[in-house]
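*Asks:* The structure is given below, and queries will be raised subsequently.
The values are calculated or read from the model by the stated rules, or taken from the named source; none is laboratory data. Computed from a predicted model, the values in this text were never measured in an experiment. When we count neighbours, we look across all protein chains shown, and the Cβ atoms used for this are built from the backbone with ideal geometry, even at glycine.
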Amino acid sequence: MRLFGFDLRIQSKGAPQDKSIDEIIARLEAAMATASGVTVTPENCEESPTVQAIVNAISMRIATLPVHVYQRRTSNGRESKERIPNHPVARLLSRPNGWQSRTDYWLDAASALVRYGRFFAIKGRGVTGPIRELVPVAPSAVVLTQDDDLRVMARVTTKSGAQREYRLDQLHHVRGRSRNFLDGDSPVWQARDAIALEIAAQRHGGAYFGNGAAPGLIFKYLDNWKGDAAQRQQFLDSFNAVYGKAGAFKAMFLPPGIDAPKQIEVANDKAQFLETRALQRSVIAGVFGVPPHLVGDLERSTFSNIEHQSQEFVEKVVLPYVRMFEAAMERDLLTDEDRRDGVVIRFNLDAALRGDFKSRQEGLKIQREMGVISADDWRERENMNPIPDGQGGDIYWQQGPSGQGAAGAPNEEQQA
């Protein structure tokens, strides 16, 4: 078994003594610990508010995108594509399995891909026929191996601890870039120190304000006091019991021999606590390529540049993840015959790329006047029903909005 890249296989009987599980866990924690002392993994990375905002932004955007199966056709040297709603893969993607809706499935799949850099699902089949379900598997439970003949196998550890071997064609496997050309690289693992620093700052703030924002105190003994270690420990225990958490401002008598405490002043601005948290938001957002305003950093944001950044987020962050899913689905879910017939799988990004109403209508107006779209095309993009048959909803203008250049109408040369 491998966990986050570490081999945890237990040696067989008769082999040299293997390390104890406690030692393995201790070594794993030491390897995953960061300079700030916080352990960061794809499982707990969302303790960072910035990472949680990033994962939510990407996965929720992908989960709202329609995904369709199309067939490409070529006519007169031009390519077109026709939607195939009854294709077996289209039905599979509308309900991937018996317990997840399509939205649940894409939320989980995108979250795993963002955090782990890879996503796995077992392809469930009947005795014959198409794939009947996609069963997601935790990426940490899957180990890919490659033998000397370059064949790739997947070893999956079940919840009971048993292991099963799968051929790669029995799995649906999506991954990002990989340094070993096999496993996807986790951005969380690569940026764990930056994420750990934000989590450490978050915990510091929670502990500080959870104690009533009361800083530490320094006590000193009076010159003539003679006490023992037991009395000292008894005082410290009683002090912590009274002043800890909700009891931070309760009164307390000092025992004989203890002078009044000196309070340690902690200024958040001088400690750069706020600056550290703001910087970490920007650093982590940059690692994932997410615009700052999506993680709550509005320092340099305006109404106009936020709209531009949102479009950029779709084009430079969401689109690459979408292309990873599309390529993997076409490889894993389509048959050889489908691929020969030009069948493709595409997410519909129109909804994600939609601008504000005024900008959208201006763009559609330009396309309408240039003859790129018809009135029915326009209405379809705005989620409206087509114009009734026979009323010109399918006509494409050829010369301009006056209609004299519509299909079938004579042009000026013909009239002359």
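*Asks:* Among the residues of region 61-91, how many are under 13 Å from V343 (Cβ atoms) and under 27 Å from the mean Cα position of the chain (by Cα)?
*Replies:* Selection size over region 61-91: 5.
*Asks:* Moving on to the next point. Cβ-Cβ distance below 7 Å, separation of 6 or more or different chains: which pairs start in region 358-378 with a residue that is within 15 Å of G393 (Cβ to Cβ) and not assigned by TED's automatic domain parsing to the domain that holds P388 and end on one that is outside any loop (DSSP other than H, G, I, E, B) and of a type outside the set (F, W, Y)?
*Replies:* Correct list of pairs: empty, since none qualify.
*Asks:* Tell me, which residue of region 294-311 that is polar (S, T, N, Q) and not in a loop (DSSP other than H, G, I, E, B) is modelled with the lowest pLDDT?
*Replies:* Just the residues of region 294-311 that are polar (S, T, N, Q), to begin with: 301-302, 304-305, 309-311.
Add one more test, that the residue is not in a loop (DSSP other than H, G, I, E, B), and what stays is 304-305, 309-311.
Values: S304: 62, N305: 66, Q309: 75, S310: 77, Q311: 79.
Checked region 294-311; the qualifying residue modelled with the lowest pLDDT is S304.
*Asks:* Which residues, taken from region 32-46, are in a loop (DSSP other than H, G, I, E, B) and either at pLDDT 75 or above or under 13 Å from the mean Cα position of the chain (by Cα) (or both)? First the steps, then the outcome.
*Replies:* In the first step, residues of region 32-46 are kept if they are in a loop (DSSP other than H, G, I, E, B); the result is 34-38, 40-44.
If the condition is that a residue be in a loop (DSSP other than H, G, I, E, B) and either at pLDDT 75 or above or under 13 Å from the mean Cα position of the chain (by Cα) (or both), then G37, V38, V40, T41, P42, E43, N44 are the ones that fit.
*Asks:* Output the residues belonging to region 63-107 that are β-branched (V, I, T) and surrounded by 11 or more Cβ atoms within 10 Å (Cβ to Cβ). Give the steps one after another, and end with the answer.
*Replies:* Step one: list which residues in region 63-107 are β-branched (V, I, T), which gives 64, 67, 69, 74, 84, 89, 103.
Answer for region 63-107, where residues must be β-branched (V, I, T) and surrounded by 11 or more Cβ atoms within 10 Å (Cβ to Cβ): T64, V67, V69, I84, V89, T103.
*Asks:* Would you mind listing the helices (runs of 4 or more DSSP H) fully within region 325-381 where at least 2 residues are at pLDDT below 95 and surrounded by 14 or more Cβ atoms within 10 Å (Cβ to Cβ)? Step through it out loud before you land on a result.
*Replies:* On the way: elements: 336-340, 350-353, 357-369, 375-381.
Output list reads 350-353, 357-369, 375-381.
*Asks:* Let me ask something additional. What residue, among those in region 47-90 that are acidic (D, E) and not in a helix (DSSP H, G or I), is nearest to Y116 (Cα to Cα)?
*Replies:* So in region 47-90, the residues acidic (D, E) come out as 47, 79, 82.
Within this subset, residues satisfying the condition of being not in a helix (DSSP H, G or I) are 79, 82.
On the way: E79: 37, E82: 35 Å.
Selected residue: E82.
*Asks:* Being small (G, A, S) and surrounded by fewer than 10 Cβ atoms within 10 Å (Cβ to Cβ) is the filter here; which residues of region 135-181 pass it? Give the derivation first.
*Replies:* Of region 135-181, the ones small (G, A, S) are 138, 140-141, 154, 160-162, 176, 178.
Once the filter is applied, which keeps residues that are small (G, A, S) and surrounded by fewer than 10 Cβ atoms within 10 Å (Cβ to Cβ), region 135-181 yields S160, G161, A162.
*Asks:* Out of all the residues in region 72-94, is one or more under 23 Å from G184 (Cα atoms) and touching a residue at least 12 places away in the same chain (Cβ under 8 Å)?
*Replies:* To start, the set of residues in region 72-94 that are under 23 Å from G184 (Cα atoms) comprises none.
No; the residues of region 72-94 include none that is under 23 Å from G184 (Cα atoms) and touching a residue at least 12 places away in the same chain (Cβ under 8 Å).
*Asks:* If I go through region 167-196 residue by residue, how many of them are in a helix (DSSP H, G or I), touching a Lys or Arg at 6+ places or on another chain (Cβ under 9 Å) and more than 16 Å from R151 (Cβ to Cβ)?
*Replies:* Counting residues in region 167-196 that are in a helix (DSSP H, G or I), touching a Lys or Arg at 6+ places or on another chain (Cβ under 9 Å) and more than 16 Å from R151 (Cβ to Cβ) gives 2.
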